[in-house]
Structures are given as structure tokens and as C-alpha cells.
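Take a look at the structure set out below.
Every read-out reported here was derived from the displayed coordinates using simple, explicitly stated rules and does not represent laboratory data. Being a predicted model, the structure only gives us computed values, none of them experimental. Every residue, glycine as well, gets a Cβ built from its backbone with ideal geometry; the counts of neighbours run over all protein chains shown.
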Amino acid sequence: MKDVKRAFREKIVQTGLHMIETGLTVGTWGNISIRDPETDYMYISPSGMEYISIEPEHVVVLDLDTNHVDGEYEPSVEKHMHAAVYRKRRDVNAVVHTHPIYSSAFGVVEMELPAISEDFAQVVGDCVTVALPYELPGTPELGRVAAAALERRNAVLLPRHGALSVGPTMEWALKVCRVLEKNAQIFLLARTLGTPVLFQPEEIETMQSFLKEHYGKRNSNLLTGSQLGERDVNRTRP
Ligand SMILES: [Zn+2]
């Protein structure tokens, strides 16, 4: 059991480094958490610390009412947003908040990003909406608005702020971040060339069913929420 808890902390550290290396966020912005399905506690990145400086012992453990459980550091200021998502979405075990360039542009103009590729339809949903009204960072109101706007999708845009991505595993949530950012970039390029042609709703449903039925069966972890199923998730890449 002790090793599993250590693994949660290490996963937060690794994910933070990945976010910086891949440009999903800059500086100390953004935050990461994992929910332990056994205790319902969340492991969250500390507040205001450079990602390259975060060690497993800096990770803070909170319950889903944001009460302190373990750790000597201050938790991320966006603890309310992470907890609100876990309270609402029992299928979610990982939440990643980033400040990515292209996805954030959609939040600035409060424009919904539609599914325009197979990967987006499969791992994110039919579209990504903007969490409105605008709420200030770090407030419980931002958590409430973001969790409500997320609905059953795996990402939501925060106006003039960034993006929130979720998944049954950390690897899945990170994949959502990358696919969201890629699709935001493609959509912007497509708009400079002409009018993007969107999927029909039944085409999106078919692609989502394909993922669940063909890949999900071989990787039941992926859809039931194994925290550490990295190899399983990677094998599902179409
Ligand atoms: Zn932020």
C-alpha cells in the first residue's frame, strides 16, 4: 500500500516535468492531481513551486472537501477546481490544468472548439466548451463553473486562463491535453484556409464506440480507471 501512495506522488512529479518539457504550461502555472479511488483522497501539486524543484514529498494530500490530510506544503490554489471535478465525475482519477497557447486562444474569445479529428472525438468528446461565466483563479466558484461545463467530456476551456483535462488515468488526462492543443492548432490553420467541415453527431458516436468496444476490451484498465496503466493506455493508440 505504501508503494502505491509513493507512486501517486511520483506521478505528480513526472507529469509536472512533462508539462514544462512539452510547453503545455510555463513557470509555476498549471497544476496536477490524482485521486486515490481507495481513500478518495487527492494528491495535488504544491503551490508556487517550479516543476523542476518538486519532489514527491512536496505533494499535498487533501480530501475532496479540500481538507488537509497529509503534506507540509501549501496545496495548489486550484484545489477547489480539482476537488469539484472529482466530486462530480466518479470516473475521473486524474486532473491536469494547463495554460496551453492554442487552446487558450479559444477561451480568450469564448469560442467552443468542435471535434475535427478522430483522436479528439475519441479521447476528448464531441467538442470542448468554455466554462462561463468568468470566475477568478483559485476560487471555489471557478471549480463549480468548470466542473459544470465539463459535463461528460474530458476537457473544458477556462476563459482568459487555460484548459482543464481529465481522465481515468494520468496518461489519459495528458493525452487529452495534447490532443486538445493539437486540434486547437489545426482548427485555427483550417480557418485560414477555408471553412472547417465538421463531423455528424452519429460519426462521433461511432468513433467513440469503436474505441470502447475494440480497444477498451483489451485494456479494461483504461476505462475502469487504473491509476498506473501507462503501458495499457499507450497500446490503445489507433
Ligand atoms: Zn491556471
Which numbered condition trips up E141, out of (1) away from the ligand (no atom under 16 Å from the Cβ); (2) more than 16 Å from the chain's Cα centre (by Cα); (3) not small (G, A, S)?
(1)
Which one is nearest to the ligand (Cβ to nearest atom) among residues in segment 85-102 that are within 13 Å of the chain's Cα centre (by Cα) and either outside any loop (DSSP other than H, G, I, E, B) or basic (K, R) (or both)?
H97
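Which one is nearest to the ligand (Cβ to nearest atom) among residues in segment 151-166 that are touching a strand residue (DSSP E or B) at 6+ places or on another chain (Cβ under 6 Å) and not in a loop (DSSP other than H, G, I, E, B)? Spell out the reasoning first.
Let us first name the residues in segment 151-166 that are touching a strand residue (DSSP E or B) at 6+ places or on another chain (Cβ under 6 Å), namely 154-157, 159, 162-166.
Filter once more, so that each one left must be not in a loop (DSSP other than H, G, I, E, B): 155-157, 162-166.
On the way: A155: 14, V156: 13, L157: 12, G162: 5, A163: 9, L164: 9, S165: 12, V166: 15 Å.
Filtering segment 151-166 for residues that are touching a strand residue (DSSP E or B) at 6+ places or on another chain (Cβ under 6 Å) and not in a loop (DSSP other than H, G, I, E, B), the one nearest to the ligand (Cβ to nearest atom) comes out as G162.
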Scan of segment 34-47 for residues that are more than 13 Å from the ligand (Cβ to nearest atom) and at negative phi, ordered by number
I34, R35, D36, P37, E38, T39, Y41, M42, Y43, I44, P46
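Conditions tested, residue by residue: (1) surrounded by fewer than 15 Cβ atoms within 10 Å (Cβ to Cβ); (2) in contact with a His (Cβ under 8 Å, 6 or more places away or on another chain); (3) under 23 Å from Y51 (Cα atoms).
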residue: D91; (1), (2), (3): yes, no, no
residue: H97; (1), (2), (3): no, yes, yes
residue: Y102; (1), (2), (3): no, no, yes
residue: E118; (1), (2), (3): no, no, no
Touching a residue at least 60 places away in the same chain (Cβ under 8 Å) and among the hydrophobic types (A, V, I, L, M, F, W, C): which single residue out of A131, A149, A163 fits that description?
A163
